[in-house]
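The numbers here are math on the coordinates, done by the rules we state, and not lab data. Just so it is clear, the model here is predicted, and its values are computed rather than measured. Here the Cβ positions follow ideal geometry from the backbone for every residue, glycine too, while neighbour counts run over all protein chains shown.
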Amino acid sequence: MNSSKSLLAVALASAIALVGCVDDAPPASDAPKPSAQAAAPAFKLSIDESQLPNLAAFNAADLNASTGACADLNAYVNENWLSKNPVPSDRTTWGSFEMLAERSLAVQKQIAEQSSGFAARTGVAKFVGDIYASGMNEAAIEAAGLSPIQGELDRIAALSTPQSMLDFMRTQQAQGQSLLFGLGGESDFKNPDLVIAYVVPGGLGLPDKSYYQGDAHLAERQAYEQHIAATLKLAGASDTDAAAQAKTVLAIETKLADKSFSSEEMARDVSKYYNPVTVAQAQELAPGFEWARYFNDAGLADPGTLSLSNPDFFKALSAMLSSTPIADWQAYLRFHSIDSAAPYLSKAYADQNFAFYGTALRGQKEQKARWKRVLDTVNGNVGEAMGELYVQVAFPAESKAQMQALVESLKVALKARLEKLAWMSPETREKAIEKWGTFVAKIGYPDKWQDWTGLQTTPDNYVGNVRAAVAFQFADSMRKVGKAKDRSEWGMTPQTVNAQYNPLQNDITFPAAILQPPFFDPKADAAVNYGGIGAVIGHEMLHGYDDQGSRFNSKGSFVNWWQPKDSEGFKKRTQQLVEQFNAYEAAAGKKVNGMLTLGENIADLGGLTVSYDAMKLAHPEDAAKQVDGLSQDQRFFLNWATVWRRNYTDKELSVRLVTDSHAPARFRANGAPKNMEVFANAFSCKATDPMVRSGNRKIAIW
């Protein structure tokens, strides 16, 4: 049910939108500008603050006196809190990010309820209200059963030849329904001012290609096969047929996985997303497709140059289209049609979907409350519409003003470090500073909201609303292909608790929802804010100079601006960071993948270092200031660790170690400070203490 645009965005995010997206931001005193459909709000939103959960924040009372900062900063700051705050039964992780996410959802719940309850709703309130109202109507959803997708299942049942399957794929793609691969528009790596079409592999139901081979993930593979069979049985297949079809589906996915890239490969080589070809070249490479007709039906009569990621995957898939029996493809398509729609269907289908993806795969004990799941649907399909309402009630102008000042102070500190970088030649340094000069910060909310003209929703058809939004978003993406990139667009919604760097635009994004404690508190002392959101700002800036972001220049073009000697020196230093994180054991017999997480670890180390410099430059008067008996430097590092407090279910941690480009939180809390002399000085650590990497072991990159 997810749009191709969404599939592409998720895929590219793993490589070019990193923490976990060019006009100047509007002045802090400006109110968010409404979209064209909502020139004036149709009703007045109001938020009951008493119904919102508490915010997380650094508290000196949480410190663990039995563990010093020099032994384990994460344990010193977070161990007491983590022991009292296990993962809730409806989540797989719990910590600072999740607490803010819960608060954001609580605000959104009030917005959605008010929107759905207002009979004369218009503009963005209509889309939010309609999807929420239809998603909360459990009786109607239960009565509908499988009927919302029965037409699609009937078309699958009628397939008889490879040609009929191609026709079906084209029809589905025209509505934004991705089958086997995704299609979407994004900036050209070589010419980021132009939007081109990207075609990226997909088709897998398990998290990574490694899940399809060997014994390490045998249990998950077996559980997935059982899930496929159970889903097909719900749709009417006999036990015998469901079991046989499940083996068939798994066999097809195993072949696709064999030619897919791993999470590590995609995260550590952004070029794998970029393989520019013409339609004729795509046809020659993968002749099993009718690419010209495929693009034409998708709304691209002439896509021009497009990017066909991972040619080997498409060669193999092209051959499979004719060599695999049509009955096997029918089993594959039938399962994925039901499975992708399951969260929006009746309880039996939603429960089965959760039993595998939530419980078996990630260890989540129970589903989120229905209102949270429906808000996930709202955010996944009309997220910026919700964001337009969210910032009216949840983002004060003074927060934006302070953030702009913080960003400027970080920029000054970063430039100072670039100018003094001893290991970099003047030629490369000049290019690095040139890139610094074109950074754009997007804070709080977009200056220009998404135009929703043409989207039609109703308050009584959940699946219909989701499909209408999916089709709308896909068509919107296709309309942009071949046109100039709108640099004012955001890659995140304001209600998202995260931050992002996009190398194709050289911009950094800080949504409104993350600008709260422990990341940012307009009433807190500077040390807390620089250790929190300041380090996040630095982190995003330094993504422009991590192992992948550094492959894009000041204009966002994918070109090499490095002198060979500097490139060699950079790789030598980053390899030290790989080795540091490779040594961390996240669970018994399971270590962190230092290469998979390299980009985030570079950004953490550089971002924390730059934020510390910025704090010292901007607030020298606080150097001797004590708060709760703690110095400025101590509070800086203590809040840094507070940001990374997080518990995981065992299964969630296992999935992340294979697929997540971020190291587990406790290693992020400790990893960067270990390499900073100012941390050791702040807590009077000795060279032999566990939190100190001294001499040749100390890593300094930016």
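For the stretch 290-342, compute Rg over Rh where Rg is the Cα radius of gyration and Rh is the Kirkwood radius from the inverse mean 1/r over Cα pairs. Radius of gyration relative to Kirkwood radius: 1.05. Between the stretch 548-588 and the stretch 649-702, the alpha-carbon centres lie 17 Å apart. Reported value for the stretch 328-448: 256 Å³ per residue, from the convex hull of its C-alpha atoms. For the stretch 165-200, the residues whose backbone nitrogen is under 20 Å from a point 7 Å from the Cα of Arg293, taken along Cα to Cβ, are 165-183. Label separation (Arg370 vs Thr254): 4.0 nm, computed from points 7 Å beyond Cα along the C-beta direction.
Counted over all Cα-Cα pairs of the stretch 160-218, pairs farther apart than 17 Å make up 60 percent. Projected label points at Gln456 and Ala60, each 7 Å from Cα along the beta carbon direction, are separated by 6.3 nanometres.
Summing Lys, Arg as +1 and Asp, Glu as -1, what charge do residues with Cβ under 12 Å from the Cβ of Ala230 carry, Ala230 excluded? All intermediate terms of the calculation are to be shown ahead of the outcome.
On the way: positive: Lys233; negative: Glu225, Asp239, Asp339, Asp351.
It works out to a net charge of -3.
Applying 1/(1 + (r/R0)^6) with r as the Cβ-Cβ distance of Ser238 and Ala319 and R0 = 25 angstrom yields a FRET efficiency of 0.20. When the P(r) is computed for the stretch 280-393, the part past 26 Å accounts for 50% of the Cα-Cα pairs.
Among beta bridges from DSSP that stay inside the chain, the antiparallel ones total about 75%. Between Lys483 and Ser147, full extension at 0.36 nm per residue minus the direct alpha carbon distance yields a gain of 117.1 nm. Any idea what log10 I(q)/I(0) is at q = 0.25 Å⁻¹ for the stretch 257-333, Debye with uniform C-alpha scatterers and no solvent? Reported log10 I(q)/I(0), two decimals: -1.17.
Sort largest first and round to whole Å: the equivalent ellipsoid semi-axes of the stretch 35-182, each the square root of five times a Cα gyration tensor eigenvalue.
Equivalent ellipsoid semi-axes, largest first: 44, 28, 15 Å.
On the basis of the beta-carbon distance and an R0 of 35 Å, Lys347 and Gln51 show a calculated FRET efficiency of 0.80.
Going 7 Å from the Cα of Thr438 along its beta-carbon direction, which residues of the stretch 404-420 have the amide nitrogen within less than 18 Å of the resulting point? Flagged as within label range: 415.
When peptides 569-576, 420-427, 245-252 are sorted by average Cβ neighbour count within 10 Å, with the highest value leading, the order is 245-252, 569-576, 420-427. When the square roots of the Cα gyration tensor eigenvalues are ordered a ≥ b ≥ c, the ratio a/c for the stretch 490-548 is 1.5 or more and a/b does not exceed b/c, which makes its shape oblate.
Look at (i) 15, 34, 29, 17, 5, 0; (ii) 17, 52, 29, 2; (iii) 12, 35, 26, 14, 9, 3, 1, 0: the one that is P(r) over Cα pairs in 20 Å bins from 0, in percent derived from this structure is (ii).
Its convex hull of Cα atoms gives the stretch 581-702 a direction-averaged projected area, equal to a quarter of the hull surface, of 8.5 nm². In plain terms, the residue of Glu253, Glu98, Glu677 with the fewest other Cβ atoms within 10 Å comes first and the most crowded comes last, giving Glu677, Glu98, Glu253.
Placing unit charges on the Cβ atoms of the charged side chains and taking the dipole of the chain about its Cα centre, the candidate lying farthest along the positive direction among Gln626, Leu204, Leu218 is Gln626.
Coordinate range of the alpha-carbon atoms in the stretch 446-526 per principal axis, descending: 49, 36, 17 Å. Estimated at 0.36 nm per residue, the fully extended path between Ala120 and Glu398 surpasses their Cα-Cα distance by 96.8 nm. Each stretch of four or more DSSP H residues adds -39500 (n - 2.57); spread over every residue of the chain, this sum gives -15500 deg cm²/dmol at 222 nm. Judged by the mean number of other Cβ atoms found within 10 Å, the most tightly packed of the peptides 132-139, 432-439 leads the ranking 132-139, 432-439. Put simply, the C-alpha atoms of the stretch 525-603 give a gyration tensor, and the ellipsoid matching it has half-axes of 24, 22, 10 Å, longest first.
For the stretch 115-255, the Kirkwood estimate of the hydrodynamic radius, built from every pair of different alpha carbons, is 19.0 Å.
Stretched out straight at 0.36 nm per residue, the stretch from Arg417 to Asn696 would grow longer than its current Cα-Cα span by 98.4 nm.
Based on the inverse mean of 1/r over its pairs of different Cα atoms, what is the Kirkwood hydrodynamic radius of the stretch 91-169, in Å?
The Cα-based Kirkwood calculation yields 16.3 Å.
For the stretch 207-364, the fraction of alpha-carbon pairs lying more than 28 Å apart is 33 percent, rounded to a whole number. Peptides 399-407, 227-235 ranked from most to least packed, by the mean per-residue count of other Cβ atoms within 10 Å: 227-235, 399-407.
On the basis of the beta-carbon distance and an R0 of 22 Å, Arg573 and Ala71 show a calculated FRET efficiency of 0.25.
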